Amino acid sequence: MTMNRRMFLGTTAAASAVLSAPSVLADGHAKPRVVVIGGGAGGATAARYIAKDSEGAIDVTLIEPSKAYYTCFFSNLYLGGFKDIEDIGHSYGGLAATGVNVIHDWAVGVDRDTKTVTLAGGDTVAYDKLILSPGIDFVEGAVEGWDISAQNAMPHAFKAGSQTELLKAQLMAMPEGGTFAMVAPPNPYRCPPGPYERVSMVAHYLKANNPTAKILIADPKPSFSKQGLFEEGWNTYYAGMIDRIGPDFGGANVSVDPAAMTLSIDGEVTNVDVCNVIPAMKAGRIAELAGVTDGNWAPVNAADMSTKADPDVYVLGDSAQQGDMPKSGFSANSQAKVCANAVRGALTGSRVFPAKFANTCWSLIATDDGVKVGATYEATDEKIAKVDGFVSTTGESAEIRKATYEESEGWYTGITSDMFGNAV
Amino acid sequence: MATELKTRVKVPSSASAGEVVTIKAMITHPMENGRRKDSEGNTIPRSIINRLVVDFNGQNVIDVALEPSVSRNPYFQFDAVVPESGEFKFTWYDDEGSVHETARPVTVT
Amino acid sequence: MRLACLSLSVAASVLCTTVAADTFGDPVAGEVVFANCKACHKVGPEAGNGIGPHLNGLFGRAAAGLEGFRYSRSLQRAGSNGLEWHADTLDAFLEDPRGYASGTRMSFRGLKDQEERLDVIAYLRGFSADPANFPEADPTATATDHDIDPEILAIEGDAEYGEYLSSECTTCHRADGGDDGIPSIVLWPEQDFKIALQAYKNEQRSHPVMQMIARRLNDEEIAALAAYFGSLEN
Amino acid sequence: MELTRRKILAIGSGTLALAGLPGLPAFANPAQEAIALLTGGAEIGEGGVTLTLPEMAADGGTVPLEVSAPGAVSIAIFAERNPEPGVVTFTFGPLSGSRSVSTRIRLAETQEVTALATMEDGSFQMAKAHVDVTVGGCG
């Protein structure tokens with residue numbers, strides 16, 4: 001049976017009618033106010049969609065310290081020499097043109113009782129709905145011998161920008177036949193295939209410029225995302241260059257000495273030339289300051305991304321503990337649109353549609369050899385639950401891999417214009 | 001493929017006579033189970049590590065027969081008695097008939 | 001579809017010899033090449049506009065010159081600047097469509113093999129007026145290439161719901177119609193859009209991401225998306 | 001010993017010469033067939049084998065397994081719902097330090113895993129463990 005149009009409209013109209021009464025606004029202002037903290041894949045998308053779709057009915061403010069945003073996705077391609085740093089940098093001009101009030105400052109506090117956000121510059125910003133999309137921070141003490149003050153000697157490069165440029169500079173300065181080490185993070189973390197795509201890109205660079213160099217990975221996880229695909233590619237393109245030490249051989253028992261440039265795995269000390277330490281992760285600090293985290297992450301309701309702690313505070317992307325979706329830019333962008341639709345509905349009575357989520361992660365292994373994994377998700381009472389999925393297979397033809405890579409480039413253009421609009 | 005396999009073992013470098021030591025052994029190998037298809041729909045032929053033999057000074061510690069249901073990068077942890085100074089020898093056999101050997105000395109103190 | 005285009009042009013590789021641009025191709029061979037085009041472009045007596053404009057009477061037509069088809073701004077601009085379709089301009093366009101007209105919505109990477117271009121141009125020449133150098137071509141337009149229930153295709157979409165659903169598409173497919181590794185989907189005729197998504201849903205078109213996305217869209221949702229994307233301003 | 005080993009290998013490669021074993025009952029699954037072939041239908045005791053697997057595995061491609069059977073000369077592992085039920089067989093030599101081994105196996109779906117130990121006196125012991133295989137996340 002197919003629903004006819006009237007039945008269809010009838011059901012959605014009924015659903016939205018429940019939500020049509022705008023939430024109670026604080027006194028003294030005409031328009032509902034949405035404040036978004038964090039201008040990445042989650043925050044920029046949410047701000048842009050709410051501003052665009054509400055057509056001026058909602059005041060949208062985005063708080064983001066950086067004036068230029070460098071995407072973490074595709075930053076590995078910069079390491080591999082496939083992209084310039086400018087290719088992954090974006091301004092907030094397009095968001096401003098859409099009507100978003102962009103404030104470049106750090107949010108340093110949230111008072112959920114008075115519904116205000118405090119900025120490092122001293123100002124406060126009031127909100128009716130607050131959306132947090134602060135990405136990740138690192139768990140202190142996760143890697144023995146490393147703290148954030150060591151990030152210049154041993155960069156994490158898991159927030160893109162100057163850290164990525166530093167890692168690239170160190171890679172280029174490696175002595176002939178030197179060792180590039182990576183301390184991989186435990187689950188869950190931002191971008192599950194990210195460290196392994198990075199290894200692929202570093203290997204691609206070294207193969208061309210420093211072919212006797214070695215890559216050493218200390219990994220606390222017994223297995224990792226797209227492992228079969230990566231290992232197949234490493235064997236094909238970079239045979240003998242990459243050595244991954246999993247937990248069976250001490251990959252979880254690691255310490256570093258940034259001053260001496262050494263890495264110790266299970267007590268065995270190795271001199272390294274570059275050491276990319278990617279520590280265990282947790283929600284961005286403002287989520288913790290807002291009091292919406294439980295442990296390392298912020299639990300949210302799957303239907304609209306509102307936090308379990310406060311129905312007027314939403315958390316998107318990496319910081320959210322939502323269920324089955326991986327922490328990725330695609331996921332954050334997908335969650336942002338569901339959240340934007342719900343927030344707009346709550347504030348203006350516009351139609352609220354059922355939550356649908358999707359994610360696809362592309363990774364580049366070598367020139368024209370791209371792979372992907374993806375899934376669709378739905379909101380259940382407990383969590384965001386996986387519905388369906390696919391993954392590239394080993395042994396695919398070169399044409400398919402090339403098309404997959406080209407598709408990833410198309411996606412990059414697509415998602416960045418979806419996040420930032422078209423800058424004017 | 002056969003030339004690029006990497007083996008890894010963990011054996012204490014010293015032990016007392018008669019001590020039981022824990023040994024870990026791994027080889028990087030896709031363990032192709034012969035059931036997957038490539039993009040053209042052709043079956044990818046079975047290619048696995050089918051046997052691991054671990055000896056110490058010519059005496060057997062363990063003999064493992066592997067089937068395709070062992071995970072890729074086969075990994076085993078087991079215990080061995082070290083009666084005297086000598087050498088552990090690890091021999092991996094694959095479907096193509098190649099043999100991959102690693103040896104690791106132990107000194108009895 | 002896209003993969004088919006890709007594999008063809010890759011397989012053909014760069015065999016470009018020094019065939020002069022005024023050499024006539026083989027229209028029979030060109031019909032085979034045209035198989036890559038006909039998902040979007042129709043020719044023959046019954047042909048109308050689909051995802052792309054029909055190609056009857058193409059020779060001598062100004063770029064973006066058909067009434068009733070919504071062309072990209074880029075081709076409109078080219079047309080108003082005087083671009084007309086002839087063997088030479090078609091040859092250049094087909095070699096690298098996006099290089100020739102950067103904003104075109106034609107999601108086709110082009111034919112790198114000059115012989116293929118000449119063949120398909122010769123084939124198309126048969127559907128234009130005054131086919132002095134060619135015999136009358138047989139009609140080739142296919143009626144339908146799908147078996148989707150007409151009732152499903154008749155569902156009228158809820159464009160506002162479609163706008164919400166479209167946000168999932170625009171993560172990859174650019175809302176401005178730009179085409180860069182991922183095809184443009186804006187301004188498609190509603191029916192073509194529905195057929196395409198239904199075909200992914202039924203796994204008659206092969207692309208793992210699109211199959212996955214389409215599988216969980218019901219018929220009303222597909223109609224809603226078609227209504228929304230069909231309604232966008234250029 | 002050598003005979004046993006050859007038998008095990010034969011089972012693993014899927015050449016189930018069941019016709020050669022008259023009098024065996026119909027089996028619920030190939031793992032039971034394989035086990036019966038190995039034991040020749042002899043009685044199998046329980047309690048002498050400890051088999052440890054996670055109750056739930058997010059990735060069926062690498063499921064950690066630990067098995068221990070003091071006094072065993074060999075231990076064979078079977079997964080009843082895998083395309084081929086034989087998984088791996090350990091035969092202990094004179095310098096074995098214990099009858100315990102850890103490894104990682106593939107499980108095609110949620111199922112019961114069986115460990116069958118052949119003891120020094122020729123008797124058999126077994127243990128079973130149930131594993132729920134869930135679908136993995138980002139690859």
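The values are calculated or read from the model by the stated rules, or taken from the named source; none is laboratory data. All values derive from a computational prediction rather than experimental measurement. Every residue, glycine as well, gets a Cβ built from its backbone with ideal geometry; the counts of neighbours run over all protein chains shown. SASA here: full protein model, heavy atoms, side chains in, ligands and nucleic acids out. Shrake-Rupley method; radii C 1.70, N 1.55, O 1.52, S 1.80 Å.
List of remarks:
- Which numbered condition D:Val87 misses (of (1) open to solvent by 30 Å² or more (accessible area, probe 1.4 Å); (2) under 16 Å from the mean Cα position of the chain (by Cα)): (1)
- Subset tally (residues that are outside any loop (DSSP other than H, G, I, E, B), out of contact with any Pro (no Cβ under 8 Å at 6 or more places or on another chain), surrounded by fewer than 21 Cβ atoms within 10 Å (Cβ to Cβ) and not charged (D, E, K, R)) for the range A:129-169: 4
- For the range C:62-101, filtered to residues that are part of a helix (DSSP H, G or I) and touching a Phe, Trp or Tyr at 6+ places or on another chain (Cβ under 6 Å), the residue that is least open to solvent (accessible area, probe 1.4 Å) is C:Pro97.
- A:Lys282 in contact (Cβ under 8 Å) with a residue 40 or more places away in the chain, part of a strand (DSSP E or B) and either of a type in the set (Lys, Arg) or open to solvent by 30 Å² or more (accessible area, probe 1.4 Å) (or both): yes
- Candidates are the residues of the range A:369-382 that are crowded, with 18+ Cβ neighbours inside 10 Å and more than 9 Å from chain C (Cβ to nearest Cβ); the one that is modelled with the lowest pLDDT is A:Val373.
- Test: residue in the range A:182-189 that is assigned to a strand (DSSP E or B) and not small (Gly, Ala, Ser): yes
- Criterion: under 30 Å from A:Val313 (Cα atoms) and not assigned by TED's automatic domain parsing to the domain that holds A:Val36 - qualifying residue of A:Lys129, A:Lys159: A:Lys159
- Odd one out for A:Glu409 among (1) within 12 Å of chain C (Cβ to nearest Cβ); (2) in contact with an Asp or Glu (Cβ under 6 Å, 6 or more places away or on another chain); (3) surrounded by 18 or more Cβ atoms within 10 Å (Cβ to Cβ): (2)
- Within the range A:376-391, the set of residues being farther than 15 Å from C:His207 by Cβ and either of a type outside the set (Asp, Glu) or outside any strand (DSSP E or B) (or both) comprises A:Tyr377, A:Ala379, A:Thr380, A:Asp381, A:Glu382, A:Lys383, A:Ile384, A:Ala385, A:Lys386, A:Val387.
- All of A:Ala213, A:Ala208 fail the test of being at pLDDT 95 or above, aliphatic (A, V, I, L, M) and open to solvent by less than 10 Å² (accessible area, probe 1.4 Å), apart from A:Ala213.
- Candidates A:Pro175, A:Pro193, filtered to the one that is crowded, with 23+ Cβ neighbours inside 10 Å and modelled with pLDDT of 95 or more: A:Pro193
- Answer residue from the range C:205-221, given it is more than 8 Å from chain A (Cβ to nearest Cβ) and either of a type in the set (A, V, I, L, M, F, W, C) or touching a strand residue (DSSP E or B) at 6+ places or on another chain (Cβ under 8 Å) (or both) and is nearest to A:Lys372 (Cα to Cα) among those: C:Met210
- Residue in the range A:224-246 that is under 25 Å from A:Ala283 (Cβ atoms), within 26 Å of the chain's Cα centre (by Cα), open to solvent by 40 Å² or more (accessible area, probe 1.4 Å) and among the hydrophobic types (A, V, I, L, M, F, W, C) present: no
- For D:Ser74, the conditions (1) away from every other protein chain (no Cβ under 11 Å); (2) part of a strand (DSSP E or B); (3) among the small types (Gly, Ala, Ser) all hold with the exception of (1).
- Of all residues in the range D:92-109, those that are more than 7 Å from chain B (Cβ to nearest Cβ) and under 30 Å from D:Met56 (Cβ atoms) have Cβ atoms under 7 Å from Cβ atoms of residues that are of a type in the set (Gly, Ala, Ser) and buried (at least 23 other Cβ atoms within 10 Å of the Cβ), 6 or more apart or on another chain, in D:Arg99/D:Ala69; D:Arg99/D:Ala72; D:Leu107/D:Ala79.
- The single condition from (1) open to solvent by less than 40 Å² (accessible area, probe 1.4 Å); (2) touching a Gly at 6+ places or on another chain (Cβ under 9 Å) that B:Lys37 fails is (1).
- Flag if B:Ser47 is open to solvent by 70 Å² or more (accessible area, probe 1.4 Å), more than 10 Å from every other protein chain (Cβ to nearest Cβ) and over 23 Å from A:Lys221 (Cβ atoms): no
- The range A:45-128 holds strands (runs of 3 or more DSSP E) entirely within its bounds, and those carrying 1 or more residues that are in contact with a Lys or Arg (Cβ under 8 Å, 6 or more places away or on another chain) map to A:59-63, A:89-91, A:124-126.
- No other residue among B:Val61, B:Val70, B:Val54, B:Val20 is facing chain D (nearest Cβ under 9 Å), out of contact with any His (no Cβ under 6 Å at 6 or more places or on another chain), open to solvent by 30 Å² or more (accessible area, probe 1.4 Å) and of a type in the set (A, V, I, L, M, F, W, C) apart from B:Val20.
- The single condition among (1) in a strand (DSSP E or B); (2) polar (S, T, N, Q); (3) within 9 Å of chain B (Cβ to nearest Cβ) that D:Thr118 does not meet is (3).
- Single match in A:Lys337, A:Lys308 (criterion: within 23 Å of the chain's Cα centre (by Cα), open to solvent by 20 Å² or more (accessible area, probe 1.4 Å), of a type outside the set (Ser, Thr, Tyr) and over 30 Å from B:Leu5 (Cα atoms)): A:Lys308
- In the range D:37-69, the residues that are of a type in the set (A, V, I, L, M) and either open to solvent by 60 Å² or more (accessible area, probe 1.4 Å) or away from chain B (no Cβ under 14 Å) (or both): D:Leu37, D:Ala42, D:Ile44, D:Val49, D:Leu51, D:Met56, D:Ala58
- Of the listed requirements (1) modelled with pLDDT of 95 or more; (2) not in a strand (DSSP E or B), D:Glu109 misses just one: (1).
- Yes/no for B:Glu84 being at pLDDT 95 or above, open to solvent by 20 Å² or more (accessible area, probe 1.4 Å) and assigned to a loop (DSSP other than H, G, I, E, B): yes
- Taken together, the residues in the range A:206-233 that are at the interface with another protein chain (Cβ under 9 Å from one of its Cβ atoms) and among the aromatic types (Phe, Trp, Tyr) amount to 1.
- Boolean, A:Ser264 is more than 10 Å from every other protein chain (Cβ to nearest Cβ) and either within 30 Å of A:Gly38 (Cα to Cα) or among the small types (Gly, Ala, Ser) (or both): yes
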